[in-house]
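To start, the structure under review is shown below, and the notes come after it.
The values are calculated or read from the model by the stated rules, or taken from the named source; none is laboratory data. Because the structure is predicted, anything quoted here is derived from the model rather than measured. With ideal geometry, Cβ positions are generated from the backbone for all residues, glycine too; neighbour counts draw on all protein chains shown. Quick note on the areas: whole protein, heavy atoms, side chains included, nothing else; ligands and nucleic acids left out. Shrake-Rupley method; radii C 1.70, N 1.55, O 1.52, S 1.80 Å.
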2 protein chains.
Amino acid sequence: MRHNFGAGPCILPQEVFKQASAAVLDFKDGLSILEISHRSPEFDAVVEETVKLVKELLNVPSGYSVLLLQGGASLQFSMVPQNLLPEGGTAAYLDSGVWASKAIKEVKHFGKANVVASSKDANYTFIPKDYVIPQDSAYFHYTSNNTIYGTELFDLPVTKVPVVCDMSSDIMSREIDVTKYDIIYAGAQKNIGPAGLTVVIIKDEILGKTGRSIPSMLDYKSHIDGGSMYNTPPVFSIYTAMLNLRWLKSKGGVAEMEKENIAKAKALYTEIDRNPLFKGTCAVEDRSRMNICFVTEDPELEKPFAKYADENGFEGLKGHRSVGGFRASMYNALPITSVHALIDLMQSFEEKHKK
Amino acid sequence: MRHNFGAGPCILPQEVFKQASAAVLDFKDGLSILEISHRSPEFDAVVEETVKLVKELLNVPSGYSVLLLQGGASLQFSMVPQNLLPEGGTAAYLDSGVWASKAIKEVKHFGKANVVASSKDANYTFIPKDYVIPQDSAYFHYTSNNTIYGTELFDLPVTKVPVVCDMSSDIMSREIDVTKYDIIYAGAQKNIGPAGLTVVIIKDEILGKTGRSIPSMLDYKSHIDGGSMYNTPPVFSIYTAMLNLRWLKSKGGVAEMEKENIAKAKALYTEIDRNPLFKGTCAVEDRSRMNICFVTEDPELEKPFAKYADENGFEGLKGHRSVGGFRASMYNALPITSVHALIDLMQSFEEKHKK
Ligand SMILES: Cc1ncc(COP(=O)(O)O)c(C=O)c1O
Ligand SMILES: Cc1ncc(COP(=O)(O)O)c(C=O)c1O
Ligand SMILES: [Mg+2]
Ligand SMILES: [Mg+2]
Ligand SMILES: [Mg+2]
Ligand SMILES: [Mg+2]
């Protein structure tokens, strides 16, 4: 068993793997989950339970729909403006990382993006603050957790403009107040389930105001009307997401996860700060709990530590090429024992390299 | 074990289920296929082999790209005109079923659809013939197999216009000449693999001629440039598709499948025609090999036969609500033994109901 610190697709609970594996052989009456009709009552029940779990775990109020879609968070980058931005309209975007900037890039097909602030010049090592969101923006878009840089935005900016958030890499990791958002979206492949599924939480009344003609598959309304079965859904990814959300609920839900995630992050950041061989890469006040980026103080030690980690059963610790160094992604399913193992590794590496 | 005649998601080979199930537990070094990075060399190899198998099995010539996408065939309904239709342009469509008509519906967001022929008034019981494709059409679109109605178009209309084909429900079931097509697309969930994956085969030179600004995720070029990894792909669906295509190759490839599919279809149609209790629902010359639709001569016998089939271990035989009666979907992975079992069932049902 390796310690999987990968950034996503990422570790899920071992019991979820076991249950998903079993369902590939026999979901009902000897039929595989891969060969059942998405229109069967059994799969209807899966979709229903998945939606119910998302609503329950995030406390989604009435008036919101939960959609199970395909295309990843990347398809949302264009679906959001296509559904919310009137012709000639402008939307406000916070540029806090590469994913944010990719979302910004897609707006031009539908209107204008007003980048209210950016930390690009500092290689996205902090989250911009003190910006103004013009009141006539069609919406304000931000990324709650910048997966690549390891920064996280915990306090939602106060604004009267509708808020859209890419929560791909920190959804379900901490409590949020859904009433403050108009659209929340997330690629499933971190805290929700396997790749191939995108979860969208949408305030119904925000839709249908642009007068645009939207292709059916790109229109949130089709998917709301179709109960996320406008067309054949990604059956296995939804089923496995359901298993994972059941696990999350059994562990005490998002509030309990948040406590654990705080503990996990605190333990690792403490070691990074204490250990003279390592240092964090981003602003302390913006440190993410999900993706912890660090480098060796001595660049010469980067490769040796990478090798040492690999030899000792650590997976996925390599930092994104735009940051370098290391990134420990610590999603819900990563056990705290893996974090302690990493800390031990850093300490024994320190011992080895004592002058 | 039930005989799974479902229309899709549908039966895949038992050995594919076994291998996919095992990979959910351990794909490499004890890591699940669900938790590995899509940027890992191991998954790169999976994508590469999947693309290679599609090319090999369908004899895809150079100058074509094979894309592994999300969104189902339904997203292709709008991606095709968005990528191929110039502003104000017209594309020719053959209306041979509900899927064709849904594809037609999406064209209006980008230009005009010229429906060259339709069998809608006959509830799509035959495939229209003797139509004219205007030479100035941007492309001609048709559905090779009408899943709901059980009709199949074996002879590609001769035209100089670029040809786009929705092969969702008969791809890999018979040999085709890819050089005759500019785009072939198919939701994977019949002959390719599990739901959540769409395969697109595209002649590269057809692209980039409309001058449109296309959102990245909807632009075939992004996916060609990204090697089907423009964003996180549906990892498990691709992996399982690879396993299934390996199986197909090991069985002798598409030519061998075609022989078997002809034998399977012939056996069942012969019984439908012979058995006085049953009759086919569509034009004999357009009968599909993949989806065989039939009804009971006496409407009173429909429910009893459905019950009898269910009790005897038959799954997914219910016809689509727009046709009624029964539909036996007989994709590649359905063993001929299941077809013989169905024929036996029809014969013993005949015995029981002899006057
Ligand atoms: C914050 C964030 N947004 C968007 C994406 C893109 O997601 P997808 O690959 O599902 O399109 C990612 C991928 O890691 C991400 O971390
Ligand atoms: C011929 C054909 N085209 C398109 C579709 C729609 O596919 P999807 O559900 O993947 O969007 C289907 C679904 O069964 C089909 O049979
Ligand atoms: Mg980022
Ligand atoms: Mg330090
Ligand atoms: Mg049809
Ligand atoms: Mg008969």
Worksheet item: Which number do you get for Rg(Cα) / (2.2 N^0.38 Å) in chain A?
Response: 1.02
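Once you list every other residue whose beta carbon is under 14 Å from the beta carbon of B:Pro41, what net charge do they have if Lys and Arg are +1 and Asp and Glu are -1? Walk me through the intermediate numbers first.
Details: positive: A:Lys318, B:Lys28, B:Arg39; negative: A:Asp310, A:Glu315, B:Asp29, B:Glu42, B:Asp44, B:Glu48, B:Glu49.
Local net charge: -4.
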Worksheet, complete the sentence: Taking only Cα atoms of the stretch B:170-227, the Rg to Rh ratio with Kirkwood Rh works out at 1.01
Item to complete: For the stretch A:131-170 and the stretch B:294-326, compute the distance between their C-alpha centroids and round to whole Å.
Response: 53 Å
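Take the residue pairs B:Lys102/B:Lys249; A:Lys318/A:Lys352; A:Lys105/B:Lys55; A:Lys18/A:Lys221 and return only those whose Cα atoms are more than 25 Å apart.
Working: B:Lys102/B:Lys249 33 Å; A:Lys318/A:Lys352 21 Å; A:Lys105/B:Lys55 33 Å; A:Lys18/A:Lys221 35 Å.
The pairs that break the limit, which is 25 Å between Cα atoms, are B:Lys102/B:Lys249; A:Lys105/B:Lys55; A:Lys18/A:Lys221.
Calculate, for the stretch A:264-355, the solvent-accessible area per residue in square angstrom, rolling a 1.4 angstrom probe over the heavy atoms of the protein chains.
Details: 4360 Å² over 92 residues.
With the other protein chains kept in place, the stretch A:264-355 gives 47 Å² per residue.
First select every other residue whose beta carbon is under 15 angstrom from the beta carbon of A:Asp182; then total the charges, Lys and Arg +1, Asp and Glu -1.
+1
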Practice prompt. At a Cα cut-off below 17 Å, give the aspartates and glutamates reachable from B:Lys264, other chains included and same-chain residues fewer than 8 away excluded.
Written response: B:Glu152, B:Asp170, B:Glu175, B:Glu256, B:Asp273, B:Glu285, B:Asp286, B:Asp344
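Just the accessible area per residue of the stretch A:14-250, please: how many Å² with a 1.4 Å probe?
Details: 8210 Å² over 237 residues.
Each residue of the stretch A:14-250 exposes 35 Å² on average to a 1.4 Å probe.
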Worksheet item: Farthest toward the dipole's positive end in the stretch A:253-352, which of A:Val254, A:Asn275, A:Tyr308, given Cβ charges of +1 (Lys, Arg) and -1 (Asp, Glu) about the Cα centre?
Response: A:Val254
Fill in: Length-normalised contact order of the stretch A:14-250 in % [C-alpha pairs under 8 Å, at least 6 apart]
26 percent
Practice prompt. Let me know the longest stretch in chain B that avoids all GluC sites (Glu not before Pro) found in a DSSP loop with at most 14 other C-beta atoms within 10 Å.
Written response: B:176-296
Worksheet item: Which Rg and Dmax, in Å, describe the Cα atoms of the stretch A:253-352?
Response: 13.0, 42
Worksheet entry | Occluded residues from the stretch A:73-101, i.e. those whose accessible area drops by 40 Å² or more once the chain is not alone (1.4 Å probe) | A:Ser74, A:Leu75
Worksheet item: Could you give the dipole magnitude of the protein assembly as shown about its Cα centre, charging the beta-carbon of Lys and Arg +1 and that of Asp and Glu -1, in debye to the nearest 20?
Response: 320 debye
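How much net charge surrounds B:Asp26 when only the other residues with a Cβ under 14 Å from the Cβ of B:Asp26 are counted, with Lys and Arg +1 and Asp and Glu -1? Please report the intermediate quantities before stating the final value.
Working: positive: A:Arg2, A:Lys18, B:Lys18, B:Lys28; negative: A:Glu315, B:Asp29, B:Glu35, B:Glu42.
Charge balance near B:Asp26 sits at 0.
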Worksheet, complete the sentence: Checking the stretch A:59-126 for trypsin sites (Lys or Arg not before Pro) in a loop per DSSP with at most 16 other beta-carbon atoms within 10 Å yields A:Lys108
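Using only protein heavy atoms and a 1.4 angstrom probe, determine the accessible area buried between B and A, summed over both sides, in Å² to the nearest 100.
Buried: approximately 4200 Å² between A and B.
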Worksheet, complete the sentence: Rg/Rh of the stretch A:102-261 (Cα atoms, Kirkwood Rh), to two decimals, equals 0.96
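How many percent of the accessible area of chain A is carbon or sulfur, using a 1.4 Å probe? Intermediate results must be reported in sequence, preceding the final value.
On the way: 6840 of 13550 Å².
Of the solvent-accessible surface of chain A, carbon and sulfur hold 50 percent.
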Fill in: Between the stretch A:254-288 and the stretch A:198-217, the Cα center-to-center distance that results, in Å
37 Å
Item to complete: Would you jot down the residues in the stretch B:1-28 that end up with at least 30 Å² less accessible area in the complete protein assembly than in the chain alone, with a 1.4 Å probe?
Response: B:Arg2, B:Asn4, B:Pro9, B:Phe17, B:Ser21, B:Val24, B:Leu25
Item to complete: Tell me the trypsin sites (Lys or Arg not before Pro) within the stretch A:169-258 that lie in a loop according to DSSP and have at most 15 other beta-carbon atoms within 10 Å.
Response: A:Lys209, A:Lys251
Worksheet item: Given label points at 7 Å from Cα along Cα→Cβ, what nm distances, shortest first, separate B:Lys102 from the same residue in every other copy?
Response: 2.7
Fill in: Long-range amide H partners of A:Ala117 with built H, under 5 Å
A:Asp95
Fill in: Coordinate range along principal axes, alpha carbons of the protein assembly as shown, Å, largest first
92, 52, 51
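Hey, can you list the DSSP H helices of chain B whose Cα span along the axis is 27 Å or longer and whose average Kyte-Doolittle score is at least -1.0?
Result, helices passing both filters: B:253-274.
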